[in-house]
Amino acid sequence: MSAEESLMPSSESGKLPQSYNIESGDAKFVKGNENVDMQTSTKLIGLTKEQLEKYRNDPFWRPVRYVLFVMFWAVWIAMFAGAIVIVVLSPKCDAKAHARWDQIAVHYQLFTPAFRDSNGNGIGDFNGVSEKMDLLRKLGVTSLWATPVIKTQKDSFNAENVIGLEQVDDRYGSEEDFVALINLAHKKEIKVVMDLPLSVSKEHKWNKDASFVDYVTKPSEGSKEEFVRINLKNPEARDAVIKSAVKFAKLGVDGFHVNDNVLSGYYNISALIKERLTATEELKQKEFIFFNTPSSSVAHSEADGLSYTIRSFSDLNGGLCNGETSSVSCVRTALKTASEAKPLPYIWKNGDINAERADKRFGAEHATKIQTLLTMIQMVLPGPVQTYYGEELSLASTNKDSELQNRGVMQWDPTAHAGFTSDTAAVLFDTTKDFETVNFDKLYEETRSPLRVYQKLAKLRGRTEVIQVGEINVKFEGDLVVISRYVSQSSDPVFLLVVNLPASGEGTTQKLEVNEALIPDRPIETAEVIISTPNNKEESHHRISMEAGLTLGPYEGILLKF
């Protein structure tokens, strides 16, 4: 007997039965013709059509159905209308404040003849700047400020020693080369700004021809300057400056820097230029920025046609540190103005083309560390910032003992001339003593270097609304400079920068107790490390406990997120 047969009940004769009757159906098997006949019955649930029919026109149920139908749609419409009312009348979330490009710009000021030589003649040029555009973009630079651009006296590289107001200096390339630089920058989402000089060389035709005598002002007696100021009271001279700005605006420039906006207190050249730009058909839809390096005797406002004024927080000659005797104390004095209302918003800078490098201002021993701390401070301040080329490398003064020590070649790699030009070219500007270790390629390879600190903070500014438009609180505790950035009544994170910047010497370890005054409305038990100086042990993206406070050694800095 097969296994299947053993599972079937047998008849008395021992043979398999031919049919079975199992409750809900019959199964019949007829062996002869191998027919299978199955009959099943299904148990119905609910009422049949015939049973329902009698309720169709029932005098009781028919009105009930209509009432329920109407009630369903009335309730549905009421709920829909209620949802609309809730959406319309509910208090709106505060709109996110989106900053314009100029409000969060990272301006990069470079000295054109010392940045990159593309043709091997020993002088940097526009094409050399274009060659390095990708690297600048990679660093987080959003605005390029090449100086000089306008044609200057052939033996001078001073942007104010102008020979041709409407000409680019052919030592750096042609006008087409400059336009190509602008177009490439715009393609990389980098703006281009330039100097608009309000002076001309003593060799300019206005100083050689008596018919132009009223176009320039007389230099002060005993002045050793190579240039003289343009007399903006003279309408022809003033118009020449305006035409120069319009010319370069048509080439694609996005803004202008003027060294002194108001001369003799009479004419506001920036406002006049803006009027002319607005009246020019091809330019009237474009917004230009104007910013200045002010003289200490003139107060400026937006009514002057300016967008920003440049201020240094570490240069004794930067206008915010009158009476200070050291650059470190200057930092503290200048930062006290960070949250104050101002006639014009600041573009924060450390140094510029006329300022000493950090090793001269702070001393060579700790210059690199201090420059990195200054970069950290600068990058979390509200408003745009300006970097002088090489600060991202903590570049020192050059080997040559001259007034151009702060204008050494940009150091790209450890090869001859630091990669500025070809091996055989004779260069006018020198390298630093340590160019083989302090250069772009070397510092970019390192995961923790001044260059990497600069890059991370520049990019953080570009994508973090708290840094862009948030409030600021500045505190000094011992040698510590403490800056918190936050947005009140929001769920945005709070950023806390702490740097140990000794007033002098080697300094000491400092400790900060983190409290709710520094970190409003946020848990303060732990924090995420965003970036720290190379001499600090904490790694980015790690969380650290704040329960025992924050301890920093001399010249260390750290940016935390709560």
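The values are calculated or read from the model by the stated rules, or taken from the named source; none is laboratory data. Keep in mind that what you see is a predicted model, and the values were worked out from it rather than measured. All Cβ positions, glycine included, derive from the backbone under ideal geometry; neighbour counts span all protein chains shown.
The figures follow:
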| item | result |
| --- | --- |
| Counted residues, the stretch 447-480 - those being out of contact with any strand residue (DSSP E or B) (no Cβ under 6 Å at 6 or more places or on another chain), at pLDDT 95 or above and among the small types (Gly, Ala, Ser) | 1 |
| Every residue from the stretch 377-397 that is hydroxyl-bearing (Ser, Thr, Tyr) and in a loop (DSSP other than H, G, I, E, B) | Tyr389, Ser394, Ser397 |
| Asp430 being over 21 Å from Thr387 (Cα atoms) and at pLDDT below 95 | no |
| Subset of the stretch 186-222 (residues that are among the basic types (Lys, Arg), touching a Phe, Trp or Tyr at 6+ places or on another chain (Cβ under 8 Å) and in a helix (DSSP H, G or I)) | Lys205 |
| Single residue of Val469, Val385, Val427 found to be touching a Ser or Thr at 6+ places or on another chain (Cβ under 9 Å) and not small (Gly, Ala, Ser) | Val427 |
| Residue within the stretch 215-230 that is surrounded by 17 or more Cβ atoms within 10 Å (Cβ to Cβ), over 19 Å from Pro294 (Cα atoms), within 28 Å of the chain's Cα centre (by Cα) and at pLDDT 90 or above present | no |
| Of all residues in the stretch 116-155 being within 14 Å of Met194 (Cβ to Cβ) and part of a helix (DSSP H, G or I), the one that is nearest to the chain's Cα centre (by Cα) | Val129 |
| Residue check, Ala3 within 30 Å of Leu306 (Cα to Cα), out of contact with any helix residue (DSSP H, G or I) (no Cβ under 6 Å at 6 or more places or on another chain), assigned to a loop (DSSP other than H, G, I, E, B) and at pLDDT below 85 | no |
| Those residues of the stretch 287-335 which are of a type in the set (Gly, Ala, Ser), modelled with pLDDT of 80 or more and crowded, with 19+ Cβ neighbours inside 10 Å, in sequence order | Gly305, Ser307, Ser312, Ser314, Ala334 |
| Within the stretch 514-528, tally of residues that are closer than 16 Å to Val482 by Cβ and at pLDDT 95 or above | 1 |
| Within the stretch 336-350, considering residues that are of a type in the set (A, V, I, L, M, F, W, C) and under 16 Å from Gln386 (Cβ atoms), the one surrounded by the most Cβ atoms within 10 Å (Cβ to Cβ) | Trp348 |
| Residues (touching an Asp or Glu at 6+ places or on another chain (Cβ under 8 Å), in a helix (DSSP H, G or I) and among the aromatic types (Phe, Trp, Tyr)) located in the stretch 439-491 | Phe440, Tyr454 |
| All positions within the stretch 472-524 that are touching a helix residue (DSSP H, G or I) at 6+ places or on another chain (Cβ under 7 Å) and without any contact (Cβ under 8 Å) to a residue 60 or more places away in the chain | Tyr486, Val487, Asp492 |
| From Asn183, Asn158, residue being in a loop (DSSP other than H, G, I, E, B) and not aromatic (Phe, Trp, Tyr) | Asn158 |
| Selected residue [in contact with a Pro (Cβ under 8 Å, 6 or more places away or on another chain) and acidic (Asp, Glu)] from Glu392, Glu356, Glu340 | Glu392 |
| Per-region count, the stretch 167-225, residues touching a His at 6+ places or on another chain (Cβ under 9 Å), closer than 29 Å to Ile104 by Cα and β-branched (Val, Ile, Thr) | 2 |
| Pairs with Cβ under 8 Å, 6+ apart, first in the stretch 343-362 and under 14 Å from Leu373 (Cα atoms), second of a type in the set (Val, Ile, Thr) and assigned to a strand (DSSP E or B) | Lys349/Ile310; Lys349/Val385; Lys349/Thr387; Asn350/Thr387 |
| Single unsatisfied condition, Leu196 versus (1) surrounded by 24 or more Cβ atoms within 10 Å (Cβ to Cβ); (2) under 19 Å from the mean Cα position of the chain (by Cα) | (2) |
| Among (1) in a loop (DSSP other than H, G, I, E, B); (2) farther than 21 Å from Phe157 by Cβ; (3) within 25 Å of the chain's Cα centre (by Cα), the one test that Val253 misses | (2) |
| Failed condition for Tyr555, given (1) loosely packed, with under 15 Cβ neighbours inside 10 Å; (2) closer than 17 Å to Val328 by Cβ | (1) |
| Subset of the stretch 213-257 [within 29 Å of Ala279 (Cα to Cα) and among the acidic types (Asp, Glu)] | Asp214, Glu236, Asp239, Asp254 |
| Conditions (1) surrounded by 22 or more Cβ atoms within 10 Å (Cβ to Cβ); (2) over 20 Å from Ser532 (Cα atoms): number failed by Asn354 | (1) |
| Flag for Val87 being hydrophobic (A, V, I, L, M, F, W, C) and assigned to a helix (DSSP H, G or I) | yes |
| Lone unmet requirement of (1) more than 22 Å from Arg485 (Cβ to Cβ); (2) touching a Leu at 6+ places or on another chain (Cβ under 7 Å); (3) outside any loop (DSSP other than H, G, I, E, B) for Ala334 | (1) |
| Residues within the stretch 377-392 that are of a type in the set (A, V, I, L, M) and in contact with a Leu (Cβ under 6 Å, 6 or more places away or on another chain), tallied | 2 |
| Which numbered condition Ile163 misses (of (1) β-branched (Val, Ile, Thr); (2) under 28 Å from Glu225 (Cβ atoms); (3) assigned to a helix (DSSP H, G or I)) | (3) |
